[in-house]
Amino acid sequence: MLREQRKFFQSGVTRQVAFRLAALAILQKAIKRWEAEIIRALKKDLGKSEFESYETEIGLIYEEIRFARRHLRGWTRIKRVKTPLVQFPSRSYIRKEPLGNVLIIAPWNYPFQLTVSPLIGAIAAGNTAVVKPSELSPATAEVIEKMIAETFEPHYIHVVLGGIRTTQSLLEQKFDHIFFTGSTRVGALIAQKAAQTLTPVTLELGGKSPCIVDETADIPLAARRIAWGKFLNAGQTCVAPDYIICQEKVQKTLTDALKKVIDEFWPGDATENEDYPKIINTQHFERLVRLMESGNILIGGKADESKRKISPTVLVDVSKDSSVMQEEIFGPILPVLTYRKLDEIPRIINNAPLSFYLFSTSKENEEYLLNNIPFGGGCVNDTIVHLSTPYLPFGGVGQSGTGSYHGKKSFDCFSHEKSILKKGNWLDIRLRYPPYARKLKMLKRFLH
Ligand code: NAD
């Protein structure tokens, strides 16, 4: 299959911008056709409501496709740049070239969006693609496989279903780029394997994204936006606020506001609510139940094993060394830690997280924290929404990943910038050629 993809790429068909635009349009139509199936699969895998599925999986993808179709001609245009005077007479320009045959490996938590979103970039940039959805969300993986098989020839885009062994054997093949979304642990394995063949990688990883609330914040509004971002997809979101660090004097006001808003979002028992998602599998469910022992449960704490649902839970009296603070939570458990002075915060956040959220109206606090904490991206006075705009590159830094995508960055991520300097033939300044005798002084004057 990969040999066929290579042959197809070498035929030059995917280089044509018209072909790429048509492929994006066909993909958009296919998703529209398969929408009901996708929603059904997301319900089966994660218990997602139709609203959440549309909001965070399907709607975002339509937006990305529309954006790419609207801008692709501009992105692919040759970009002229300046040339230093020493190279006179020349012109310089950059051509955006497809990378070739790419591999996309996706996780289970937004199994549709995180598989198809990088694919849009790969198509826009003129590549062929092998796509490996997560085996932990099998219903969605199957729908993606059927949809793509019906829509594209396998020598152009092909979906491979399977687990770790399948991914490992895919990694034995030579690709021109690997786009991986998943855990930091597996990301390191992928990078190691890719290094053996010098294959470039984009790593979209996770981590513990902190959320700071200071005394100047609009607390009821902060509680609403935090609860939404945290408990969306039952906390199984790479950019979910992992934990809160709030100023000690506002802790009570904040937790009271969280309680109020959680009751308002999921009245009664959230585990009974049809719209509230479930935990992906028993292993994760049990892991999360254990993490609830890391502090005192102030809100929620109900876990229903038969439904694999855990109610929105807020933990207080959590120490920095407890297990809930050692690993990415990836579930509906929200520990609330406190600080007294702002300079304690950078010491609590040790690894560059994927996201960072601050609720504050103090310009000074905002400046201090944005300056002193490394992180991939984030929001001031909101959570999560920085990833829903095609104008902001989305990606991590350090432990939370390498490279970024969304909007034009998705196109850039799967393109190579081929740099060309074109020399005029009507003049040939002899200075650079040997013999060098008596030329050094002149060279220095040019290059000082
Ligand atoms: P994971 O790393 O376990 O799996 C991701 C993919 O890698 C899957 O397709 C899986 O089949 C494959 N895989 C797993 N183990 C492998 C191995 N040993 N060798 C080769 N391939 C292997 O991640 P997950 O549990 O599916 O997803 C959760 C993680 O992903 C969290 O850490 C989360 O923060 C992160 N994530 C990041 C983003 C982002 O955009 N940065 C988005 C979603 C999730």
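The values are calculated or read from the model by the stated rules, or taken from the named source; none is laboratory data. Just so it is clear, the structure is predicted and the values come from calculations on it, not from any experiment. So basically every Cβ, Gly included, is an ideal-geometry build from the backbone, and we count neighbours across all protein chains shown. Only protein heavy atoms, including side chains, enter the accessible area calculation; ligands, DNA and RNA are left aside. Shrake-Rupley method; radii C 1.70, N 1.55, O 1.52, S 1.80 Å.
A compact table of results
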item	result
In the stretch 231-280, residue surrounded by the fewest Cβ atoms within 10 Å (Cβ to Cβ) [restricted to those that are within 23 Å of Leu342 (Cα to Cα), among the hydroxyl-bearing types (Ser, Thr, Tyr) and in contact (Cβ under 8 Å) with a residue 60 or more places away in the chain]	Thr255
Inter-residue pairs, beta-carbon under 8 Å, first over 25 Å from Leu27 (Cα atoms) and in the stretch 150-179, second open to solvent by 60 Å² or more (accessible area, probe 1.4 Å) and more than 11 Å from the ligand (Cβ to nearest atom), 6+ apart	Lys174/Thr197
Scan of the stretch 75-92 for residues that are part of a helix (DSSP H, G or I) and among the polar types (S, T, N, Q), ordered by number	Thr76, Gln87
Members of the stretch 99-138 found to be closer than 26 Å to Gly235 by Cα and in a loop (DSSP other than H, G, I, E, B), listed by number	Ala106, Pro107, Trp108, Asn109, Tyr110, Pro111, Phe112, Pro133, Ser134, Glu135, Leu136, Ser137
Test for Thr389: is it exposed (fewer than 15 other Cβ atoms within 10 Å of the Cβ) and polar (S, T, N, Q)	yes
Among the residues listed as Ile348, Ile384, the single one being among the β-branched types (Val, Ile, Thr) and modelled with pLDDT under 95	Ile348
Residue match in the stretch 195-215 (condition: of a type in the set (Lys, Arg) and either in a helix (DSSP H, G or I) or open to solvent by less than 10 Å² (accessible area, probe 1.4 Å) (or both))	no
Residue within the stretch 159-178 that is crowded, with 18+ Cβ neighbours inside 10 Å, within 16 Å of the chain's Cα centre (by Cα) and within 13 Å of the ligand (Cβ to nearest atom) present	yes
Test: Thr140 is more than 10 Å from the ligand (Cβ to nearest atom), of a type in the set (Ser, Thr, Tyr) and open to solvent by less than 10 Å² (accessible area, probe 1.4 Å)	yes
Some residue of the stretch 183-197 being more than 11 Å from the ligand (Cβ to nearest atom), more than 18 Å from the chain's Cα centre (by Cα) and farther than 16 Å from Gly403 by Cβ	yes
Where a residue in the stretch 78-91 is over 14 Å from Arg432 (Cβ atoms) and its partner, wherever it lies, is open to solvent by 100 Å² or more (accessible area, probe 1.4 Å), with Cβ under 6 Å and at least six apart	Arg91/Lys422
Of all residues making up the stretch 287-307, the number that are exposed (fewer than 14 other Cβ atoms within 10 Å of the Cβ) and within 29 Å of the chain's Cα centre (by Cα)	1
Which numbered condition Ala437 fails, given (1) in contact (Cβ under 8 Å) with a residue 24 or more places away in the chain; (2) over 15 Å from the mean Cα position of the chain (by Cα)	(1)
Entirely in the stretch 294-359, the strands (runs of 3 or more DSSP E) that have 3 or more residues that are away from the ligand (no atom under 16 Å from the Cβ)	296-299, 313-316, 333-339
